[in-house]
Amino acid sequence: GYAALALGAGRSKSSDPVDPTAGFEIHRKIGEPVRKGEPLVTLHFDGSALDAKVEEARERVSSAVSISLQKPNVPVLIARRKIGP
């Protein structure tokens, strides 16, 4: 979320503009294999984005990713769902 915010895809305060071209694309899910040289994430931003903000986004995404030879435990996103009253 903070990476997307750095690129301009969100607002820190309500008066901040939002860049509809900014964001990122995640190419792999947790636990999927990846080979050297394959992209994991693509950052999207327009040419007016400040280099410092793009670097901040890159660092945030990089720090959120880890690669291991062991398959990780995939977290359960929805443990249970109550339907009805």
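The values are calculated or read from the model by the stated rules, or taken from the named source; none is laboratory data. In this text the structure is predicted, and so the values were computed from the model without any measurement. Neighbour counts run over all protein chains shown; Cβ positions are idealised from the backbone, glycine included. The accessibility values were calculated without ligands, DNA or RNA, using every heavy atom of the protein model including side chains. Shrake-Rupley method; radii C 1.70, N 1.55, O 1.52, S 1.80 Å.
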**Request:** Would you please put 37-44, 1-8, 55-62 in order of how densely packed they are, using the mean number of other Cβ atoms within 10 angstrom per residue and starting with the highest?
**Result:** 1-8, 55-62, 37-44
**Item:** Whole-Hz couplings from phi, Karplus 6.51/-1.76/1.60, listed for segment 14-25; x for Gly and Pro
**Value:** 4, 7, 5, x, 10, 8, x, 8, 8, x, 8, 10
**Request:** Please work out whether the chain counts as rounded, prolate or oblate from its C-alpha gyration tensor, where a ≥ b ≥ c are the square roots of the eigenvalues and a/c under 1.5 means rounded, while otherwise a/b larger than b/c means prolate and anything else oblate?
**Result:** oblate
**Item:** the chain, accessible surface, carbon-and-sulfur percent (1.4 angstrom probe)
**Value:** 55
**Asked** Under a Cβ-Cβ cut-off of 12 Å, what is the net charge of the residues other than Ile67 that fall near it, where Lys and Arg count +1 and Asp and Glu count -1?
**Response** +2
**Prompt:** With every protein chain kept in the model, how would you rank Leu77, Leu50 by accessible area, 1.4 Å probe, largest at the top?
**Reply:** Leu77, Leu50
**Prompt:** What is the set of long-range amide H partners of Val41 at a cut-off below 5 Å, with H atoms built 1.01 Å from backbone N?
**Reply:** His27
